[in-house]
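The values are calculated or read from the model by the stated rules, or taken from the named source; none is laboratory data. Remember, predicted model here, so these are calculated numbers, not experimental data. Positions of Cβ are backbone-derived with ideal geometry, glycine not excepted, and every protein chain shown enters the neighbour counts. Just the protein is used for accessible areas: all its heavy atoms, side chains included, with ligands, DNA and RNA removed. Shrake-Rupley method; radii C 1.70, N 1.55, O 1.52, S 1.80 Å.
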Amino acid sequence: MRRLAARLCWGWNPLRRREDRIEGWLNVVLLLLLAVVGSSLAGHAARTSYREQARVSAWERQHRFEVWAVLLSAPSPAAAARWKAPDGTPRTGALIVGPEMQTGAWVTIWVDEKGTVAAPPTRRSPVTAAVEMAVAVVLALALGLLAIRFLGRFLLDRRRMRDWQREWLEVGPRWSRYR
């Protein structure tokens, strides 16, 4: 704990200056911001992402249907195929299939409610998306707070060097032979 306190500029050194105390408070405030704001932002982002992904998944389950299609011609690169729409009406169209497929082969395709070929539904879990969003938000906040810490430390170091130089100009000539 002592080492951590010293790293955060909270050591009990009698030579600590005002800038060191400011840096210590800056570190504590930034850590508290990361803990408090980060957790609330991550929770909000995760809930929003989960709801959106669940809504998209529900919509896709209602509007995407897996059906069987029979190939009417050999692929080159697309093959003519026939399938039934969800309402039972026959449909025909071109499908892109592998070159190993032959005429009369059955393939599964995804169609929308009108029977038009559509992309398959996403296989993404809403929980996974929520966790990824929460991690991304916390990392973005941490990077922003780290940039603030580096800027604050840079400004405090400039002030420390300026004070050190001023004090050395007062004391230095007494210690050296060059007066």
Note to self: Suppose all protein chains stay in the model; what accessible area per residue would a 1.4 Å probe give for the range 40-166, in Å²?
What the structure shows: 68
Item checked: Spread of Cα-to-Cα distances over 10 Å intervals beginning at zero, given as percent, for the chain -> 8, 19, 15, 13, 11, 10, 10, 8, 4, 2, 0
Check: So, in Å, what gap is there between the alpha-carbon centers of the range 158-176 and the range 1-68?
Finding: 41
Margin query: At 222 nm, what value in deg cm²/dmol follows for the chain if DSSP H runs of at least 4 each add -39500 (n - 2.57) and the sum is divided by all its residues, to the nearest 500?
Written below: -21000 deg cm²/dmol
Item checked: Cβ-Cβ FRET estimate between Leu32 and Ala119, R0 fixed at 45 Å, reported to 0.05 -> 0.50
Notebook entry, point to check: Cα axis of helix 18-63 to longest principal axis of the chain: angle in degrees, 0 to 90, nearest 10?
Noted result: 10
Check: For the residue pair Ser176 and Thr48, what label-to-label distance in nm results when each label sits 7 Å from Cα along the Cα-to-beta-carbon direction?
Finding: 5.8
Check: So for the pair Phe154, Ser39, with labels modelled 7 Å out along Cα→Cβ, what separation do we get in nm?
Finding: 3.2
Item checked: Among Val135, Ser49, Pro121 the positive-end extreme of the charge dipole of the range 31-179 (Cβ point charges) -> Val135
Notebook entry, point to check: Each label point is 7 Å from the Cα along the Cα-to-Cβ direction; what then is the distance between the points at Arg162 and Ala136, in nm?
Noted result: 4.1
Notebook entry, point to check: Considering only protein heavy atoms and a 1.4 Å probe, what is the carbon-and-sulfur percentage of the accessible area of the range 55-179?
Noted result: 62
Check: Once fully extended, how much extra length lies between Ile22 and Arg61, figured as 0.36 nm per residue of separation less the alpha-carbon to alpha-carbon distance?
Finding: 8.4 nm
